[in-house]
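To start, the structure under review is shown below, and the notes come after it.
The values are calculated or read from the model by the stated rules, or taken from the named source; none is laboratory data. Nothing here was measured: the structure is a model prediction, and the numbers come from that model. Here the Cβ positions follow ideal geometry from the backbone for every residue, glycine too, while neighbour counts run over all protein chains shown. The area values use the complete protein model at the heavy-atom level, side chains included, leaving out ligands, DNA and RNA. Shrake-Rupley method; radii C 1.70, N 1.55, O 1.52, S 1.80 Å.
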Amino acid sequence: MNSLKEYENLINYLLSHDMKFSTKWNKKISCSTLLLRHDIDFSLSHAYKLAKKELDLGVFSTYFFMFSTNMYNLLSYKNREIVKRIKSMGHKISLHFDPVAYSEIKSFKKEKAIFEKIFDQKVDIVSIHRPGKFLKKNNIKLFGISQTYQDKYFKEMTYISDSGGRDVMPLIKNYLEFKSNKGLHLLIHPIWWCKKSSSPTETLNDWKKEHIAYIENEIRVNCKTYLD
């Protein structure tokens, strides 16, 4: 997959074509507007690396974090501090909500309240994980809160995603050549952009090894009788 240098090249390529990076999802969108979004499905440390790189390049994006994932604990001290650092850089932070994790959609209100209290951040845009019905009825809102698959983001803008490790550069180049009057909604998952590898599987296996090493160290710190 891609390295941080390649991510830098991607950002500079977009800047060279006069794209205007924005974190204002509920403001007027023009043909040069770029809503750069990050859904954090695996690693907050990868998110931090991209946030730092963007700061160095003078651009800002929106980072969506999940409470219901089994991949990380958003409430741990370490992870809370990472999210707060990303926010302090000037990036927007918000919820990556998984409706499949609950029997009732109203559980969103609980997540929203917790997120706003812990991170002192009003939630006015939500990214949906495993969107399902939100793709069939694009304009559904979550108790009055906009979500990223509404028509104004998903149809009235050009939507490009690197989901599954997809190569987005050909799609971006095509967009910049033929974009007409549409802004760009670009979804980038940090997991694919922090280390060069030959495939998405290799990237995920590398992350798995790093994660296991971290867990083993945490076990040692918290349990003196542990023998590895």
- [ ] Within region 199-228, work out how many residues are touching a residue at least 60 places away in the same chain (Cβ under 8 Å) and outside any helix (DSSP H, G or I).
- [x] 1
Open item on the list: For region 34-140, give me every one of the strands (runs of 3 or more DSSP E) that falls completely inside it and has 3 or more residues that are touching a Lys or Arg at 6+ places or on another chain (Cβ under 9 Å) and hydrophobic (A, V, I, L, M, F, W, C).
Closed with: 92-97
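Looking at LEU50, LEU57 in this structure, which one is surrounded by fewer than 16 Cβ atoms within 10 Å (Cβ to Cβ), touching a Leu at 6+ places or on another chain (Cβ under 9 Å), more than 22 Å from LYS141 (Cβ to Cβ) and of a type in the set (A, V, I, L, M)?
The conditions single out LEU57.
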Open item on the list: out of contact with any His (no Cβ under 6 Å at 6 or more places or on another chain), loosely packed, with under 15 Cβ neighbours inside 10 Å and farther than 14 Å from HIS185 by Cα: is that true of SER43 in this structure?
Closed with: no
Task: Tabulated pairs, region 123-135, first more than 16 Å from LEU35 (Cβ to Cβ) and open to solvent by 30 Å² or more (accessible area, probe 1.4 Å), second hydrophobic (A, V, I, L, M, F, W, C) and not in a strand (DSSP E or B), C-beta under 9 angstrom, 6+ apart or interchain - done: HIS129/MET66; HIS129/VAL100; HIS129/ALA101; ARG130/VAL100; ARG130/ALA101; GLY132/VAL100; LYS133/ILE140; LEU135/PHE154
Open item on the list: Please pick out the residue among LYS173, LYS152 that is outside any strand (DSSP E or B), within 26 Å of PHE134 (Cβ to Cβ), basic (Lys, Arg) and at pLDDT 90 or above.
Closed with: LYS152
